[in-house]
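Undergrad: Sharing a structure with you now.
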Amino acid sequence: LFSWTAVIGALLNSGSFAPAFGFYREMVMSGICADHFLYPLVLKSCAGTRDLRDGRRVHADVLRSGFCWDLVVMNSLVDMYAKCESLEEAESVFGEMTERDVVTWTSLLAGYVQTGYRLEALDFFREMLTSDVKLSSATLAAILPVFSDLGSFDLARQIHGLIVGTGCELDKFVASALIDMYASCGGLGYSRLLFNRVKERDIVSWNAMIKGYAQAKLFDEMIELLFQMHADGMSPN
RNA sequence: GCAGGUAUGC
C-alpha cells in the first residue's frame, strides 16, 4: 500500500491524473484496500480529470471502507465534487460533515467561483465571515476573482481593507489576485503599488501586472515591465 | 523547500 501511494502521489505531482487513477483501479483489482492517506490522492486525480463518475465510485469506496471520520478525506470529496461542477453533491457532503475546517469551506467556495456562481460565492463568503473559521490566504485568493468580475472600485477597496486586517495582503497568491482585481476595477495605480511591495514575485504576479497594463493599453509601461522581468531573471511564459 | 494525504491567484 505504501508503494501504491508513493507511485500515485508522484504521478499527481507531475500532473498525470488519469494514469494515477489507473493505478488505483489496478490496486483495487488486486484486492488491496485504500486507506485514509490514499483516498485524498485518488479523489484529487478524479478532480483533476473532472471525472464525476469515477469520483462517485471512489465516494462509494470511502463509505464502504468507513473513512468518513477523516476530515482530509471528506474535504477531498467536497473538492472533487466542486471541481466536477456538481455543487449539489459538494453541498450535500459539506452539509453532512460533523467537523469542518477552513479547507472544507474554501473548497466549496472555490467551487462556486470556478463554476461561475458569483452570487452564491459571495453569500457563502459572508457566511464564512460570520462563522468561526479563520480565513486563510487560499480563501481570499479564491474569492477575489469575483471582485475582479464585479469591476467596482468601491467594493475592491472594501475587500482590500478586510484583507489587510487578516495580514495576508502580501501573500503571493492574494497579492496577484489583488493586482488583477484593481486592474479590472480601474485602479491600476493601486495594482502597481501592491506589485512593488510584493517580495516574492512569481510568474503569476508579473503576468497579472503585465496584463493590467496591456488591457489599459499602456504599452510603454508594459514593455518596461517585460524588460524588468527579464532583468529579475524571470522569463515570460 | 520536502518529511506518506486535501483547498487558493494571471
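The values are calculated or read from the model by the stated rules, or taken from the named source; none is laboratory data. What you see is a predicted model, and the numbers here were worked out from it, not measured in a lab. Cβ atoms come from the backbone with ideal geometry, glycine included; neighbour counts cover every protein chain shown.
Undergrad: Looking only at residues that are of a type in the set (S, T, N, Q) and within 13 Å of RNA strand B (Cβ to nearest atom) in the range A:163-214, which one is nearest to residue A:235 (Cα to Cα)? Walk me through it before giving the result.
TA: Initial filter on the range A:163-214 (of a type in the set (S, T, N, Q)): A:166, A:176, A:184, A:191, A:196, A:205, A:207.
Then keep just the ones that are within 13 Å of RNA strand B (Cβ to nearest atom); that gives A:166, A:176, A:184, A:191, A:205, A:207.
Values: A:166: 32, A:176: 17, A:184: 24, A:191: 21, A:205: 13, A:207: 11 Å.
The residue in question is A:207.
Undergrad: Could I ask something else about it? Suppose we keep only residues that are out of contact with any helix residue (DSSP H, G or I) (no Cβ under 9 Å at 6 or more places or on another chain) and of a type outside the set (Val, Ile, Thr) within the range A:120-146. Which one would you say is modelled with the highest pLDDT?
TA: Initial filter on the range A:120-146 (out of contact with any helix residue (DSSP H, G or I) (no Cβ under 9 Å at 6 or more places or on another chain)): A:126, A:130, A:132.
Filter again for of a type outside the set (Val, Ile, Thr), leaving A:126, A:132.
Values: A:126: 96, A:132: 90.
Per the criteria, the residue is A:126.
Undergrad: Taking the condition of being surrounded by fewer than 19 Cβ atoms within 10 Å (Cβ to Cβ) and either among the hydroxyl-bearing types (Ser, Thr, Tyr) or in contact with a Lys or Arg (Cβ under 8 Å, 6 or more places away or on another chain) (or both), how many residues in the range A:87-119 meet it?
TA: Adding up the residues that qualify gives 6.
Undergrad: When you check residue A:164 against the structure, is it surrounded by fewer than 19 Cβ atoms within 10 Å (Cβ to Cβ) and closer than 11 Å to residue A:105 by Cα, yes or no?
TA: Details: surrounded by fewer than 19 Cβ atoms within 10 Å (Cβ to Cβ): yes; closer than 11 Å to residue A:105 by Cα: no.
No.
Undergrad: Can you find, within the range A:78-126, the residue that is farthest from RNA strand B (Cβ to nearest atom) among those that are farther than 16 Å from residue A:50 by Cβ and of a type in the set (Lys, Arg)?
TA: A:126
Here is a yes/no grid of residues against (1) buried (at least 20 other Cβ atoms within 10 Å of the Cβ); (2) closer than 13 Å to residue A:153 by Cα; (3) at pLDDT below 95:
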position: A:180; (1), (2), (3): yes, yes, no
position: A:184; (1), (2), (3): yes, yes, no
position: A:190; (1), (2), (3): no, yes, no
position: A:194; (1), (2), (3): yes, no, no
position: A:202; (1), (2), (3): no, no, yes
position: A:209; (1), (2), (3): yes, no, no
position: A:213; (1), (2), (3): yes, no, no
position: A:218; (1), (2), (3): no, no, no
position: A:227; (1), (2), (3): no, no, yes
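Undergrad: Output yes when any residue across the range A:208-225 is within 22 Å of the chain's Cα centre (by Cα), within 21 Å of residue A:137 (Cβ to Cβ) and part of a loop (DSSP other than H, G, I, E, B), and no when none is.
TA: Taking every residue of the range A:208-225 in turn, none turns out to be within 22 Å of the chain's Cα centre (by Cα), within 21 Å of residue A:137 (Cβ to Cβ) and part of a loop (DSSP other than H, G, I, E, B).
Undergrad: Right, here's the next one. So, in the range A:1-49, exactly how many residues are under 17 Å from residue A:84 (Cβ atoms) and small (Gly, Ala, Ser)?
TA: 5
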